[in-house]
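Student: Sharing a structure here in structure tokens format.
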Amino acid sequence: MAQIIAIANQKGGVGKTTTAVNLAASLAVLKKRVLLVDMDSQGNATMGSGIQKNDLLYSITDVMLGEVPLSTAIYQSEVGYKVLGSNRDLAGVELVIAEQEGREFILREALKEVEKNFDYILVDCAPSLSLITVNALAAVQGVIIPMQCEYYALEGLADLTQTIDKIQQALNPALEIVGVVRTMYDARNALTRDVSAELEQYFGQKLYDTVVPRNVRLAEAPAHGLPIIYFEKSSKGAIAYLNLAAEILKKTTVKRK
């Protein structure tokens, strides 16, 4: 059965979607069967996987509305993993399902159809606490938090951990933070080093040893619809995400519900 993990942070601009896409690609390169679920109406993870979000025949929206089974909406990307894509249609789903019984568990129930077919299911969450994000957190067993080493990101982390605790208590007892990854890392910056030290003290073994550096090629890759390992495999960004994937395979095991 798949390990189902959300890539989440309520703060935007911390490398969340970059981490979701490149971790999916790196796990696939390491011979794992991977499904990437895009739960953000911006559809950036879909586009970053080389799939045109506006050309989707079916998307996560159709799954959330119960119009097609999840397996029907899955696309095979050209970069080694499968994708359940998203586009702006997802923005209107919350209003439709708001009064629906079991509305928090729609994604969890839908994933049951396919979870035996994958080793990892990664869910890219929007940087907000909407009903769609609650669905994602209710469906997964663990959360990986991409974290930029700056002051405001550190403040937002407290809000995120409180959110995870609340969802664990109310909807998903198995939910836990399985790892924190430092992104856009610049060791020359004193604040970066200070925040990194605080993260080490707070998260201990849950802080991944791998850090993702600031990297021009990593920033350019989404414009080409490619994960960094397919865009510039020798870049520091590609090496970092491959190392992160290897580290996750070695030390991340999430509890089953």
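Student: When segment 198-234 is examined, which residues are found to be open to solvent by less than 50 Å² (accessible area, probe 1.4 Å) and either without any contact (Cβ under 8 Å) to a residue 12 or more places away in the chain or under 25 Å from Q52 (Cβ atoms) (or both)?
Tutor: Selection gives G204, L218, A221, G225, P227, I228, I229, F231.
Student: Additional query: Could you list, in sequence order, all residues of segment 235-252 that are surrounded by 18 or more Cβ atoms within 10 Å (Cβ to Cβ) and either touching a helix residue (DSSP H, G or I) at 6+ places or on another chain (Cβ under 7 Å) or more than 20 Å from M147 (Cβ to Cβ) (or both)?
Tutor: S235, G237, A238, Y241, L242, L244, A245
Student: Within segment 8-25, can one find any residue that is basic (K, R), open to solvent by 30 Å² or more (accessible area, probe 1.4 Å) and either part of a loop (DSSP other than H, G, I, E, B) or without any contact (Cβ under 8 Å) to a residue 24 or more places away in the chain (or both)?
Tutor: yes
Student: From the set of residues in segment 26-39 that are open to solvent by less than 10 Å² (accessible area, probe 1.4 Å) and touching an Asp or Glu at 6+ places or on another chain (Cβ under 8 Å), which is farthest from G237 (Cα to Cα)?
Tutor: For segment 26-39, the residue satisfying everything is M39.
Student: Moving on to the next point. Among the residues of segment 63-91 satisfying the criterion of being assigned to a helix (DSSP H, G or I) and open to solvent by 30 Å² or more (accessible area, probe 1.4 Å), which is modelled with the lowest pLDDT?
Tutor: The selected residue is A91.
Student: Give the number of residues within segment 134-156 that are open to solvent by 10 Å² or more (accessible area, probe 1.4 Å) and out of contact with any helix residue (DSSP H, G or I) (no Cβ under 6 Å at 6 or more places or on another chain).
Tutor: 6
Each row is one residue, and each column tells you yes or no for (1) at negative phi; (2) within 15 Å of the chain's Cα centre (by Cα); (3) without any contact (Cβ under 8 Å) to a residue 40 or more places away in the chain.
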residue: Q100; (1), (2), (3): yes, no, yes
residue: R103; (1), (2), (3): yes, no, yes
residue: V114; (1), (2), (3): yes, no, no
residue: V134; (1), (2), (3): yes, yes, yes
residue: M147; (1), (2), (3): yes, yes, no
residue: D159; (1), (2), (3): yes, no, no
residue: I167; (1), (2), (3): yes, no, yes
residue: N172; (1), (2), (3): yes, no, no
residue: M184; (1), (2), (3): no, no, no
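Student: Which of the residues spanning segment 181-197 are surrounded by 14 or more Cβ atoms within 10 Å (Cβ to Cβ) and farther than 16 Å from Y151 by Cβ?
Tutor: Answer for segment 181-197, where residues must be surrounded by 14 or more Cβ atoms within 10 Å (Cβ to Cβ) and farther than 16 Å from Y151 by Cβ: just V181.
The values are calculated or read from the model by the stated rules, or taken from the named source; none is laboratory data. For clarity, every value in this text was computed on a predicted model and none was experimentally measured. No Cβ is skipped: glycine too gets one built from the backbone with ideal geometry, and neighbour counts run over all protein chains shown. Note: areas computed on protein heavy atoms with side chains; ligands, DNA, RNA excluded. Shrake-Rupley method; radii C 1.70, N 1.55, O 1.52, S 1.80 Å.
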